[in-house]
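The values are calculated or read from the model by the stated rules, or taken from the named source; none is laboratory data. Predicted model, so just to flag it, every value in this text is computed and none were measured. Positions of Cβ are generated from backbone atoms using ideal geometry, with glycine treated the same way; all protein chains shown enter the neighbour counts. The protein model used for the area step is the full one, side chains on, heavy atoms only, and it has no ligands, DNA or RNA in it. Shrake-Rupley method; radii C 1.70, N 1.55, O 1.52, S 1.80 Å.
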Amino acid sequence: MQSSEIWDDAQLASSLGVMKQIMPKLIETFLSQTAKILETLDSLSNEQLLLTAHSLKGSAGQLCCKRLSNTAAKIEQDLKLESPENSAEKRALLLEDLSAARTLMSEYLRQKQTLA
């Protein structure tokens, strides 16, 4: 799998256009906000998981984290349809995709800081 399927930094920079200088701040904000999700994901109720998936779907989509946004959308849809079976499996997949996106974003920030 290509890293652009997880997080497409070029697409995000392109979508920001002349405002692409705010990209590091957007990434830092996402990393900060999702740190708590990583800590609490296993203990969330299905209702809280639904809200978390909805939130991640939107923020990941805006930041061009394609796989995470798609996974969150699928989990949100499943929970809306009251299909909470395989909840542990869904949480594991969400955790995997969130961790992968966060890893790529963190590496991007490290590279930017090294170049600065």
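Some points to look at:
- Looking at Ala101, Ala53, Ala92, just one residue is in contact with a Leu (Cβ under 6 Å, 6 or more places away or on another chain) and among the hydrophobic types (A, V, I, L, M, F, W, C), and that residue is Ala101.
- Unique residue being at pLDDT 95 or above and either open to solvent by less than 60 Å² (accessible area, probe 1.4 Å) or part of a helix (DSSP H, G or I) (or both) when the list is Gln11, Gln48, Gln77: Gln11
- Neighbours by Cβ (under 8 Å, 6+ apart or cross-chain): first from the range 76-87, free of Cβ contacts under 8 Å to residues at least 40 places away in the same chain; second outside any helix (DSSP H, G or I) and surrounded by fewer than 16 Cβ atoms within 10 Å (Cβ to Cβ): Asp78/Pro84
- Conditions (1) touching a helix residue (DSSP H, G or I) at 6+ places or on another chain (Cβ under 7 Å); (2) open to solvent by less than 80 Å² (accessible area, probe 1.4 Å); number of the one not met by Asp42: (2)
- Scope the range 22-73; condition within 12 Å of the chain's Cα centre (by Cα) and aliphatic (A, V, I, L, M); matching residues: Ile27, Leu31, Ala35, Ile37, Leu38, Ala53, Leu56, Ala60, Leu63, Leu68, Ala72, Ala73
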